[in-house]
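Asks: Attaching a single structure in structure tokens format; questions to follow.
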Amino acid sequence: MITLVHFQTCLSEFAEKFDKLVSKYDHTIQHSSELEAVINDYSLFVTDQENKAAWEQLEHSELEELDSLVWALRNKSAQCVAIMEKYRALKLENGDVQIADYFKNIEECIDKEFGSFHVTSDSNVLLVGSGSFPMTPLLIAKRTGAQVVGIDIDEESITLGRKVVETLGTDLKIRLESTLLEDLDYTREATHIIFSSTVAPKYELLDQLHALTNAQVVVAMRYGDQLKSLFNYPMIETDSSKWKLVDTILRPDDVFDIALYQKA
């Protein structure tokens, strides 16, 4: 079993690598292979059950430096995932369709979600945090024929994402917008809303959505608890007078879990 000291050392090393890789991004694919290797290693690290005992020991400690390290890992890994999506979109522009192991894992995760979401051709799906390579909109639109809108506050992500959709999503009902939830008319029409696991304020946005959505909307929240919280933002309690948690989908071998909410 991994020792506690070694576990902490691994966390610090990943944080340093993420920090360097974020600073290296220059809107080209120059450092894409390096980033893919680190993200793939990190994905394996947070889904490795042998690390669970070490994480539980750390989780029950009261070290201030641990809290700051965990938040740094969440924030930097989220930035690196966003950058890796940009690398994938840029590569697609150049005709390179190879897929990193991390993306294979994510696409498998998305594929497993369909049975829980009950999306049909009549559904209106909204993805919050669509990213530069909008895998979820593409897979949902292809599989179901539903209308899908993705939003992201990163202008570059939307620009790259639209090019990906033009290449891979011809004739699909997909629209990507760089806007806020409150400024999107489609929010009230949405039957299904999906949050990316790397959207930091998703539970604040969930409370905000209560006044912006219809009564039948289903919200799927991708999150990471326990060891997986190192790679995703964890589940938190929400105002029970607004939303009720109707189901959770826990998948030990995947990088995130899912919580489904409906209006109370």
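Asks: Taking the range 1-21, which residues are aliphatic (A, V, I, L, M) and either open to solvent by 80 Å² or more (accessible area, probe 1.4 Å) or assigned to a helix (DSSP H, G or I) (or both)? Spell out how you get there, then give the answer.
Replies: Let us first name the residues in the range 1-21 that are aliphatic (A, V, I, L, M), namely 1-2, 4-5, 11, 15, 21.
Within the range 1-21, Met1, Leu4, Val5, Leu11, Ala15, Leu21 qualify.
Asks: Taking the criterion of being among the aliphatic types (A, V, I, L, M), surrounded by fewer than 22 Cβ atoms within 10 Å (Cβ to Cβ) and either assigned to a loop (DSSP other than H, G, I, E, B) or on the phi > 0 side of the Ramachandran plot (or both), would at least one residue in the range 228-243 satisfy it?
Replies: For the range 228-243, residues among the aliphatic types (A, V, I, L, M), surrounded by fewer than 22 Cβ atoms within 10 Å (Cβ to Cβ) and either assigned to a loop (DSSP other than H, G, I, E, B) or on the phi > 0 side of the Ramachandran plot (or both): present.
Asks: Just give me the residues in the range 68-106 being outside any helix (DSSP H, G or I) and more than 15 Å from Glu36 (Cα to Cα), in sequence order.
Replies: Passing the criteria: Asn94, Gly95.
Asks: To continue, here is another question. For the subset of the range 163-205 comprising residues that are aromatic (Phe, Trp, Tyr) and in contact (Cβ under 8 Å) with a residue 40 or more places away in the chain, which member is nearest to Val128 (Cα to Cα)? Even if it seems obvious, please write down each step before you answer.
Replies: Quick first cut of the range 163-205, residues aromatic (Phe, Trp, Tyr) only: 186, 195, 203.
Filter once more, keeping what is in contact (Cβ under 8 Å) with a residue 40 or more places away in the chain: 186, 195.
Details: Tyr186: 12, Phe195: 5 Å.
Per the criteria, the residue is Phe195.
Asks: Right, another one. From Asp96, Asp111, which residue is surrounded by fewer than 14 Cβ atoms within 10 Å (Cβ to Cβ), modelled with pLDDT under 90 and within 18 Å of Val255 (Cβ to Cβ)?
Replies: Testing whether each residue is surrounded by fewer than 14 Cβ atoms within 10 Å (Cβ to Cβ), modelled with pLDDT under 90 and within 18 Å of Val255 (Cβ to Cβ) leaves just Asp111.
Asks: Looking at Met84, Met135 in this structure, which one is crowded, with 17+ Cβ neighbours inside 10 Å, within 21 Å of the chain's Cα centre (by Cα) and within 21 Å of Glu177 (Cβ to Cβ)? Walk me through it before giving the result.
Replies: Values: Met84 fails: within 21 Å of Glu177 (Cβ to Cβ).
Within the list Met84, Met135, the selection yields Met135.
This table checks each residue for (1) open to solvent by less than 40 Å² (accessible area, probe 1.4 Å); (2) within 14 Å of Leu230 (Cα to Cα); (3) of a type in the set (A, V, I, L, M, F, W, C); (4) in contact with an Asp or Glu (Cβ under 9 Å, 6 or more places away or on another chain).
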site: Ser23; (1), (2), (3), (4): no, no, no, no
site: Thr28; (1), (2), (3), (4): no, no, no, no
site: Phe45; (1), (2), (3), (4): yes, yes, yes, no
site: Asn51; (1), (2), (3), (4): yes, yes, no, no
site: Ala54; (1), (2), (3), (4): yes, yes, yes, no
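Asks: From the residues in the range 147-163 that are of a type in the set (A, V, I, L, M, F, W, C) and at pLDDT 95 or above, which one is nearest to Val119 (Cα to Cα)?
Replies: Val148
Asks: Only residues that are among the aliphatic types (A, V, I, L, M), open to solvent by less than 20 Å² (accessible area, probe 1.4 Å) and either in contact with a Cys (Cβ under 6 Å, 6 or more places away or on another chain) or outside any strand (DSSP E or B) (or both): list them for the range 196-227, please.
Replies: Of all residues in the range 196-227, those among the aliphatic types (A, V, I, L, M) come to 199-200, 205-206, 209, 211-212, 215, 217-221, 227.
Now narrow it down to the ones that are open to solvent by less than 20 Å² (accessible area, probe 1.4 Å): 206, 209, 217, 219-221, 227.
Result: Leu206, Leu209, Val217, Leu227.
The values are calculated or read from the model by the stated rules, or taken from the named source; none is laboratory data. Quick caveat: nothing in here was measured; it's all calculated off a predicted structure. Neighbour counts run over all protein chains shown; Cβ positions are idealised from the backbone, glycine included. Heavy atoms of the whole protein, side chains included, go into the accessibility calculation; ligands, DNA and RNA do not. Shrake-Rupley method; radii C 1.70, N 1.55, O 1.52, S 1.80 Å.
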